[in-house]
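Notes for the one structure printed next.
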Amino acid sequence: MANETNIHRESRLNKLKTLQEMNYNPYPYRFVPTAYAADLQEKYKDLEAGVDTEDRVIIAGRAMAVRNSGMFVDIKDKTGKIQAFCYKKILPEADMEILKCVDVGDMVGVSGFVRRTPRGELTIAAEKFDIIAKSLQPLPEKFHGLTDVDARYRQRYVDYIMNEESKEIFKKRCQITSAIRRFFEQREFLEVETPMLHPIMGGANAKPFITHHNALDMDLFLRIAPELYLKKLIVGGFDRVFEIGRNFRNEGIDKNHNPEFTGLEAYQAYADYNDMADLIENLVRFVATEVLGAPKITFGEREIDLTKPFRRASIIDLIKEQTGADLLQAQTLDEAKAMAKSVGVNADDCSCWGKVVQEIFDEKVESTLIEPTFVMDMPRDISPLAKTHRNNPRLVEHFDAYLGTMEIGCAYSELSNPLEQRERFEAEVAARENGDDEAQMLDEDFVNALENGFAPTGGMGMGIDRLSMLLTGAETIRDVIAFPTLKKKD
């Protein structure tokens, strides 16, 4: 395959040399089209076969097919495809020489009049033909075939050229982000930006990426979440804030995880996690309607109606429904592990009651949550930033949002008591010292911010990549990330 590619590249280099010997520049500074394929197809949809018009246009795009020694060139622009008719009785002789050097994949520009061929194809009859970017690499014939899955992600630009489905997924992904912004702006949230380089790792439990700042001679963490900075803004009097930005977690790669991903976080003063549940429910409906035209998504062969109220159930009740085990009856870690074993879950490595609960949930419940579900009231010992539950001190007011068997977000009644927050951080520090490298660190500045008075606040976070998967039908997170992280190619 490599030899074949080299042969094709050599041929294209020879054509480039020919163009240069003609004093022709196939890499011009500027080229301005006056029309696009889809608009022309719509405007001239009633033009009869065999009819020429006097309407002249300039089109530009990528040559996707060259037929009859260049007489017919299929040109693909950002809106679609249209044919160019390059006939020696119309096209100047100099342009015919340029045409001889065209290859599939070249960017070309065509000026001419609109006509419909006797066979019914809308066409631009070329009066001028230009190569505006000579391609030195041949396009693959079946770039999205199963044998080239890895190449799709490594050369994403080629994937977008060849695979219209990939391109449409990416367009929808962009529309989803825009719709999220509109949703929050309509509700008077202020979009903000917070640091990506953190001196203290915090805001979520995850393994960080570590870098070094030379001038300050200090290690910094690429942020795993913007949470603590956003809550400092609430302390500062910005009652509604949100941020869309990259987060980085030093974790494995699978269909639902990429080490760098786009997160949304939003915080609202004078609210709790029940308000955040309403917010997320309305957000998902709004974005689906804006992007898909209706508040419905397809998961496999199943249609999910997002207009129905999202289910709200405690993690304890959901586990009990699936396994019969009531984890609140386990008073010690050993009792919880025994209960896990009784339902077929190995929780021997879990260091606290909450982690046993999470382990059982992950194995027995998560895969059943197809319809939108808020998994409420998480264990206190695995959620250090949420308020203790008002009815049960073993739990916190924290829920995870599930849709299509996948966690898409979470929300808290944010912990506002600085003394309790310090205790929670100290417990996290002890966990780190005992080998839990995902536990959080003690952030003195954040605790100090809370000591200035932190209004009752609801906060939420959501993975935009995962939401995009659900709204586009993508099977893997790599399909909704333009350039996903990949293993180094040998």
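Which entries in Lys207/Lys488; Lys78/Lys255; Lys81/Lys128; Lys320/Lys341 show an alpha-carbon gap greater than 24 Å?
Too far apart for the 24 Å limit: Lys78/Lys255.
Rank Phe299, Pro418, Ala126 by how far each Cα sits towards the positive end of the charge dipole of the chain (+1 on Lys, Arg Cβ; -1 on Asp, Glu Cβ) and give me just the farthest.
My answer, from the dipole projection, is Ala126.
To make sure I understand the rule: partners must be lysines, Cα under 23 Å from the Cα of Lys308, and not fewer than 8 residues away in the same chain. Which ones qualify?
Reachable lysines: Lys296.
Report, in debye and to the nearest 20, how large the dipole of the stretch 263-409 comes out about its Cα centre when Lys and Arg carry +1 and Asp and Glu carry -1 on their Cβ.
Dipole about the Cα centre, nearest 20: 240 debye.
Compute the whole-percent fraction of alpha carbon pairs in the chain spaced more than 39 Å apart.
41 percent
Among Ala336, Phe238, Ile58, whose Cα sits farthest toward the positive end of the charge dipole of the chain (+1 at Cβ of Lys/Arg, -1 at Cβ of Asp/Glu, about the Cα centre)?
Positive-end residue among those listed: Ile58.
Using a 1.4 angstrom probe, figure out how much accessible area the stretch 232-288 has per residue, in square angstrom, rounded to the nearest whole.
37 Å²
Collect residues whose amide H, placed 1.01 Å from N in the peptide plane, falls under 5 Å from the amide H of His257; neighbours closer than 5 in sequence don't count.
Ile477
Tell me, in nm to one decimal, what length is gained between Ser69 and Asn452 on full extension, where the rule is 0.36 nm per residue of separation less the Cα-Cα distance?
Full extension from Ser69 to Asn452 adds 130.3 nm.
What shape does the stretch 78-146 have by the C-alpha gyration tensor, where a ≥ b ≥ c are the square roots of the eigenvalues, rounded means a/c under 1.5, and otherwise prolate means a/b greater than b/c and oblate the rest?
Oblate is the answer for the stretch 78-146, as a/c is 1.5 or above yet b/c matches or exceeds a/b.
So if I place +1 on the C-beta of Lys and Arg and -1 on the C-beta of Asp and Glu, and nothing else carries charge, what would the dipole magnitude of the stretch 88-226 be about its Cα centre? I want it in debye, nearest 20.
Roughly 480 debye for the stretch 88-226.
As an exercise, identify the chymotrypsin sites (Phe, Trp or Tyr not before Pro) in the stretch 213-300 lying in DSSP coil whose Cβ has no more than 12 other Cβ atoms within 10 Å.
Loop-located and lightly packed - Tyr270.
Once neighbouring chains are kept in place and the probe is 1.4 Å, which whole percent of the accessible area of the chain is contributed by carbon and sulfur?
That fraction is 49 percent.
Whole angstrom only: what separates the Cα centroid of the stretch 305-377 from the Cα centroid of the stretch 221-262?
After rounding, the separation between the Cα centres reads 26 Å.
Set Lys and Arg Cβ to +1 and Asp and Glu Cβ to -1, take the dipole of the chain about its Cα centre, and tell me which of Val287, Asn205, Ser69 lies farthest positive.
Ser69
The stretch 285-300 to the stretch 452-490: how many Å between their Cα centroids?
Rounded to whole Å, the Cα centres lie 17 Å apart.
Based on DSSP H runs of at least 4 residues, each adding -39500 (n - 2.57), what is the mean residue ellipticity at 222 nm of the chain after dividing by all its residues, to the nearest 500 deg cm²/dmol?
The helix contribution divided over the chain gives -10000 deg cm²/dmol.
Suppose the chain between Lys171 and Arg311 were pulled fully straight at 0.36 nm per residue; how much longer would it get relative to their current alpha carbon spacing?
Length gained, Lys171 through Arg311: 47.4 nm.
Kindly point out which whole DSSP H helices in the chain project their C-alpha atoms 27 angstrom or further along the helix axis while averaging a Kyte-Doolittle hydropathy of -0.5 or above.
Taking the DSSP H segments of the chain (at least 27 Å long, mean hydropathy at least -0.5), we get 273-292.
Hey, can you rank 176-184, 394-402, 357-365, 329-337 by average C-beta count inside 10 Å, highest first?
Most protected by this proxy first, the peptides run 394-402, 357-365, 176-184, 329-337.
Which residues in the stretch 308-349 place their backbone N less than 11 Å from a point set 7 Å from the Cα of Asn391 along the Cα-to-Cβ direction?
314
Quick one: accessible area per residue over the stretch 392-452, 1.4 Å probe, rounded to a whole number of Å²?
Here the residues of the stretch 392-452 average 40 Å² of exposed surface.
Taking the Cα of Ala151, stepping 7 Å toward and past its beta carbon, and measuring to each backbone N in the stretch 5-32: which are under 11 Å?
Flagged as within label range: 5.
Taking a probe of 1.4 Å, how large is the accessible area per residue of the stretch 53-94, in Å²?
That works out to 55 Å² for each residue.
Quick one: putting +1 on the C-beta of Lys and Arg, -1 on the C-beta of Asp and Glu, what dipole do you get for the chain around its Cα centre, in Debye to the nearest 20?
With Lys and Arg at +1 and Asp and Glu at -1, about 2140 debye.
The values are calculated or read from the model by the stated rules, or taken from the named source; none is laboratory data. On a predicted model such as this, the values are computed, not experimentally measured, just so you know. Using ideal geometry, Cβ is built from the backbone for each residue, glycine included, and neighbour counts are taken over all protein chains shown. Ligands, DNA and RNA are excluded from the accessible area calculation, which covers all protein heavy atoms including side chains. Shrake-Rupley method; radii C 1.70, N 1.55, O 1.52, S 1.80 Å.
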